[in-house]
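Chemist: Before I ask anything, here is the structure I am working with.
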Amino acid sequence: MQFGRRKYRTNQSFLWRACKEAIPTTSNLIRRKCAVELACMTCGNLTEDSKHALLECPFARQTWALADIPWSVISQWRTNVEDWEQTVMDNSHSSPIEVVASARSFLQDFHNCTSRTNLPGQSSATVWSPPKEGLIKINFDAAVGNESCEAGLGVIARDHEGKCIAWRTDTLEDASAIGPIITDILRLSSFFDTVSYAHVKRSANSAAHCLAKAAFSIQAGDSPSLFV
């Protein structure tokens, strides 16, 4: 009997012991001089061995029928040996429905723990793309100062060839003052015939981001060629 490395160790141990007639059925317990009745506790059959307990007992048959799973999957049922022993000692057992519900829960846990998670591959970096000829593309970004409550703003406008048409940096004392900025954007956009807005990843917005970070030290007359 072969076992995959990814199966539960307890499942491997129990199945192996069942094949070797080493699980605590009543016949095995009597051979070990335990004071138990020889008959099966659930159906009263005169002899309870591994085959009867797992396959032939009416309780076992009803349980497998309720499970409605193929026999090839039954071997994945994670049976807890300690629970089986406790059942024998306490002369108590669950109903077939409870057993099926527990088995399905164990099986789902098994699949969750052993299935390979298809991790999404790392997405390729997004790069800046120029606008169509005759249009101007404006990128803007913001950065927060490490030692202040100021926010640095960077804006850069480029044509279809990627040439810088205009740029600007500025700082705001209150980094949360986004409302007035949006108001100004909407007001100024009314002067253009066509305006569209789109969110882009920072990897495609590096020029504006660099300007925003440099807003705390850059001078208005400096060339932005370092950032373009």
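Chemist: Taking other Cβ within 10 Å of each residue's Cβ, how do Glu37, Glu48, Glu150, Glu161 sort, fewest first?
Modeler: Ranking Glu37, Glu48, Glu150, Glu161 by Cβ neighbours within 10 Å, fewest first, gives Glu161, Glu37, Glu150, Glu48.
Chemist: Still on this structure: In nm, to one decimal, how far is the Leu46 label point from the His199 one, both placed 7 Å along Cα→Cβ?
Modeler: 7.6
Chemist: Right, another one. In what order do His209, His199, His160, His52 fall by count of nearby beta-carbon atoms within 10 Å, going from fewest to most?
Modeler: Listed from fewest to most nearby Cβ atoms, that is His199, His160, His52, His209.
Chemist: Give, as a single signed number, the net charge of other residues whose beta carbon lies under 15 Å from the beta carbon of Ser206, with Lys and Arg counted +1 and Asp and Glu -1.
Modeler: Summing Lys/Arg as +1 and Asp/Glu as -1 gives +4.
Chemist: Check cross-link reach from Lys163 to the lysines: straight Cα distance under 27 Å, and skip same-chain residues fewer than eight apart.
Modeler: Lys132, Lys137, Lys201, Lys213
Chemist: Starting from the Cα-Cα distance between Arg61 and Ile165, subtract it from 0.36 nm times their residue separation and give me the gain in nm to one decimal.
Modeler: 29.4 nm
Read-outs: derived from the displayed coordinates by stated rules, not from any lab. This is a predicted model, so every value here is computed, not measured. In this analysis, Cβ positions are derived from the backbone assuming ideal geometry, glycine residues included, and neighbour counts consider all displayed protein chains.
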